[in-house]
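Readers should treat all values here as calculations from the given coordinates under stated rules, not as data from a laboratory. Since this is a predicted model, take the numbers as computed values, not measurements. A quick note on method: Cβ atoms are made from the backbone with ideal geometry, for glycine too, and the neighbour counts reach across all protein chains shown.
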Amino acid sequence: MVLLEFSMSPLGKGESVSKYVSRSLDIIDKSGVDYRLNPMGTVLEGEWDEVFDVVKQCYECMKKDCGRVSCVMKVDYRRGKKGRLGGKVASVEKRLKRKLHT
């Protein structure tokens, strides 16, 4: 399974780009891939091809009316492990013996 964190935004569209980012979140939410949205990006969990396909769909949508698109990605593959979106946080919280802000 893969955890893929990414942030994609258009360049040259002003300070607020929520109009464009929200379209990506619509694609992500409808994809069926497990995900977590955070203030600086989105983390997807699934098989390699599955998560990269979601990123590609977001890119294809954004490039339709954006002449320049910036994307930052980070990928963590771990064979056979599922449920890492919540599991990684739970593991740290268990060690600290307290809940963290997530």
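Some observations on this one:
- Here the gap between E60 and V17, fully extended at 0.36 nm per residue and compared with their Cα-Cα distance, gives a gain of 13.8 nm.
- Qualifying trypsin sites (Lys or Arg not before Pro) in the chain, DSSP loop, other Cβ atoms within 10 Å at most 11: K64, R68, R78, R79, K82, K97, R98, K99
- Nearest 10 degrees, 0 to 90: helix 18-31 Cα axis against the chain principal axis: 50 degrees
- Rg [Å, one decimal], Dmax [Å, integer] - the chain, C-alpha atoms: 15.0, 48
- Under 12 Å, Cβ to Cβ, from D53 - net charge with Lys/Arg +1 and Asp/Glu -1: -3
- For region 39-98, GluC sites (Glu not before Pro) are listed when DSSP marks them as loop and at most 15 other Cβ atoms sit within 10 Å of their Cβ; the list is E47.
- Stretching L25 away from V89 to a fully extended chain increases their span by 20.8 nm, per 0.36 nm per residue minus the current alpha-carbon distance.
- Extending 7 Å from Cα along the Cβ direction at R36 and again at V75 yields two label points whose distance is 2.1 nm.
- Between helix 48-63 and the chain there is an angle of about 30 degrees, using the helix long axis and the longest principal axis of the Cα atoms.
- Dividing the summed -39500 (n - 2.57) terms of all DSSP H runs of n ≥ 4 by the residue count of the chain sets its mean residue ellipticity at 222 nm at -13500 deg cm²/dmol.
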